[in-house]
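S.K.: A single structure is presented below for examination.
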Amino acid sequence: MKSHELILEIEKRLVSLAMETEKAKTSKVIRDYLKVMATFHQYSFHNTFAIYAYCPHATHVAGFSTWKKLGRYVKRGEKGIPILAPCRIKINQECDTDSDEDIQIPLYFKVVYVFDVSQTEGPPLPEAPITATGSDQGLLSVLEQISAKHSIKLEYKALGGLHHGTSFGGRIEINANLEPARKVAVIIHELAHEFLHKGGDRKTISRQQRELEAEATAFVVCSHFNIETSAANYLSLWDIPPEDIVASFQRIHTVAIQLIQEIAELQAMSEAPCSATEGM
């Protein structure tokens, strides 16, 4: 495929991804997932540290009553994770003639207990609908070679929760429990981070844009090699506007072309007949 043809293909795929991302935002699977995830609170720095100290493998924590509402129950004998919860009092704004509402101010903190999902039993929580499907089309070993070529150490580890992969700058960790097709999609996603987001301009790019560029790159490359991804779902969870996907075309297509060409070259080399003379 000629370069200009590949560029047109990438542009077409990104427009398609933008449309699918917008559609995914209203899909039932996304709405159901967000509804459950909204149940889990965001904790302060100190409480986050406390959760890690008492339960390093924690992924989703909630109080006893919240788990009960979700249809799950704390297992007998499990010890709760202590965190601090603010206790508030209401003060009537008698001096404020513009408002008749009460305000709440924190009076003191008390210790309450939360439990990780691993400490509960019942119906499973919905998984993020972002898993690639089908065959890896033989790309897994090729991507491992590409990582090595660029001196990027690729490691497979058992990562907890919904953590599929991480780019550290010269090193990538991938969840060893993923299916081959998903490993391919995640490796491409993390390679895109390595190529696009480890330079001096990293601080000028929002995390939302970084995830957009990495996942869109993975979508383009995977689609080119007939691997189905759930990139539209992933980007919809980040609330990516469709116009931003098209606007990032230049940065996405540069890395996508690089990866497509490197993959194709390695595939061609592996398919080339042995040059050695046989029968000697």
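S.K.: With an 8 Å Cα cut-off and a minimum separation of 6 or more residues, compute the relative contact order for region 1-91 in percent.
M.R.: Details: 23 pairs, mean separation 21.0, N = 91.
The normalised contact order for region 1-91 reaches 23 percent.
S.K.: How tilted is helix 207-224 with respect to the longest principal axis of the chain? Cα atoms for both, answer in degrees (0 to 90, nearest 10).
M.R.: 40 degrees
S.K.: What label, among (1) 23.8, 102; (2) 17.7, 51; (3) 19.6, 62, belongs to Rg and Dmax of the Cα atoms in Å computed from the structure on display?
M.R.: After the calculation, the listed value that fits is (1).
S.K.: Now a separate question. Based on DSSP H runs of at least 4 residues, each adding -39500 (n - 2.57), what is the mean residue ellipticity at 222 nm of the chain after dividing by all its residues, to the nearest 500 deg cm²/dmol? Write down the numbers at each step before the final one.
M.R.: Working: 10 runs with 130 residues, N = 280.
Here the helix-only value at 222 nm equals -14500 deg cm²/dmol.
S.K.: How many percent of the accessible area of the chain is carbon or sulfur, using a 1.4 Å probe? Could the numbers behind the result be given before it?
M.R.: Numbers: 8860 of 16560 Å².
Looking at the chain in its full context, I get 54 percent from C and S.
S.K.: Per residue, what accessible area does region 107-260 have, given a 1.4 Å probe and all protein chains present, in Å²?
M.R.: Working: 6900 Å² over 154 residues.
On a per-residue basis, region 107-260 sits at 45 Å².
S.K.: Ignoring ligands, DNA and RNA, how do 136, 239, 116, 32 rank by accessible area with a 1.4 Å probe, largest first?
M.R.: Numbers: 136 35, 239 95, 116 0, 32 60 Å².
Descending order: 239, 32, 136, 116.
S.K.: For residue 29, what accessible surface area do you get with a 1.4 Å probe? Give it in Å², rounded to 10.
M.R.: Number for this one is 80 Å².
S.K.: While we're looking at this one, here's another question. Expressed in whole Å with the largest first, what are the equivalent ellipsoid semi-axes of region 192-263 derived from the C-alpha gyration tensor as the square root of 5 times each eigenvalue? It would help to have the intermediate numbers written out before the result.
M.R.: On the way: eigenvalues 68, 53, 18 Å².
After diagonalising the Cα gyration tensor, the semi-axes are 18, 16, 10 Å.
S.K.: While we're looking at this one, here's another question. Students sometimes get this wrong: rank 33, 156, 108 by accessible area, probe 1.4 Å, all chains present, largest first. Don't skip to the answer; put the middle values down first.
M.R.: Values: 33 25, 156 80, 108 115 Å².
Of 33, 156, 108, the descending order of accessible area is 108, 156, 33.
S.K.: Could you calculate the contour length gain from residue 201 to residue 26, that is, 0.36 nm times the residue separation minus the distance between their Cα atoms, to one decimal place in nm? Present the calculation step by step, with values, prior to reporting the outcome.
M.R.: On the way: separation 175, 0.36 × 175 = 63.00 nm, distance 3.35 nm.
Stretched out fully, the residue 201 to residue 26 stretch lengthens by 59.6 nm.
S.K.: Let me ask you something else. Helix 45-54 against the longest principal axis of the chain: what's the angle in degrees, Cα atoms only, rounded to the nearest 10?
M.R.: Computed tilt is about 80 degrees.
S.K.: Let me ask something else. Among the lysines, which fall within straight-line cross-link reach of residue 69, defined as a Cα-Cα distance under 29 Å, with same-chain neighbours fewer than 8 residues apart omitted?
M.R.: Straight-distance partners of residue 69: 25, 28, 35, 79, 90, 110.
The values are calculated or read from the model by the stated rules, or taken from the named source; none is laboratory data. Quantities reported herein were computed from a predicted structural model and do not represent experimental measurements. Calculation scope for accessible area: heavy atoms of the full protein, side chains included, ligands and nucleic acids excluded. Shrake-Rupley method; radii C 1.70, N 1.55, O 1.52, S 1.80 Å.
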